[in-house]
1. Testing LEU69 on (1) under 29 Å from GLN110 (Cβ atoms); (2) open to solvent by less than 70 Å² (accessible area, probe 1.4 Å), one condition comes back false. Which one is that?
2. Please go through region 145-170 and give me each residue that is surrounded by 14 or more Cβ atoms within 10 Å (Cβ to Cβ) and among the basic types (Lys, Arg), ordered by number.
3. If I go through region 115-138 residue by residue, how many of them are farther than 16 Å from LYS165 by Cα and either open to solvent by less than 60 Å² (accessible area, probe 1.4 Å) or within 14 Å of the chain's Cα centre (by Cα) (or both)?
4. Does LYS112 satisfy being open to solvent by 80 Å² or more (accessible area, probe 1.4 Å), of a type in the set (Lys, Arg) and modelled with pLDDT of 90 or more?
5. Hey, any hits in region 77-100 for a residue that's within 26 Å of the chain's Cα centre (by Cα), farther than 15 Å from ASP35 by Cα and either open to solvent by 90 Å² or more (accessible area, probe 1.4 Å) or small (Gly, Ala, Ser) (or both)?
6. Restricting attention to region 7-58, report how many residues are at pLDDT 90 or above, in contact with a Phe, Trp or Tyr (Cβ under 9 Å, 6 or more places away or on another chain) and open to solvent by less than 50 Å² (accessible area, probe 1.4 Å).
Amino acid sequence: MKTIYTIGISALISALVSISILTFSSKDKTINYIDLRKVYDNFQLKTELENKFKSETSDSRDRITSIELSIDSVESNFENGAIELTMANKLSRELNIERQNLQFSIEQLQAKYDQQINSQLQSYLGEFGEQLDVKLLLALDTDATILYEDSTLNLSDEAIDFINKKYQGK
């Protein structure tokens, strides 16, 4: 029960802070927000790197699937008595190491692309805020609690247009 009370108080405080920020910003028009998920999902660089990632990792993902099938085959052959335990363990170990190496390289590439996207997005959104002379640009995600909003404070569409033009060099 104490946890429910704590969660309720936290939600109330978050709501009051959101209301205070939105009330201040509607008077001053220097605090705005963007829907970060929407902006991120519509960023052209993200789409391009996502497609590049899929293309570059296709062979590795196919090889991982093949390795997993090979591991299943080794286990089946051991159970059927076609190979000895030491050979089955050796083959499984070698295949698992190769699978882990491939998965690690895929994760490394994903982290590299994520860093590239986030760095560029942060830079462009900083320029966007400066250009509009915004004093504070909030990035809200799907978990944000907003009880009321003046839709003129949401600059998501303008931000998407700005970052994609900057990305295209315009």
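The values are calculated or read from the model by the stated rules, or taken from the named source; none is laboratory data. Computed from a prediction, not measured in an experiment: that's the story for all the values here. Here Cβ is always computed from backbone atoms with ideal geometry, including for glycine, and neighbour counts include all displayed protein chains. Surface accessibility is based on the protein's heavy atoms, side chains included, excluding ligands, DNA and RNA. Shrake-Rupley method; radii C 1.70, N 1.55, O 1.52, S 1.80 Å.
1. Status for LEU69: all satisfied but (2).
2. Listed by number, the list holds a single entry, LYS166.
3. Total meeting the criteria: 7.
4. Yes: the conditions hold for LYS112.
5. yes
6. Adding up the residues that qualify gives 6.
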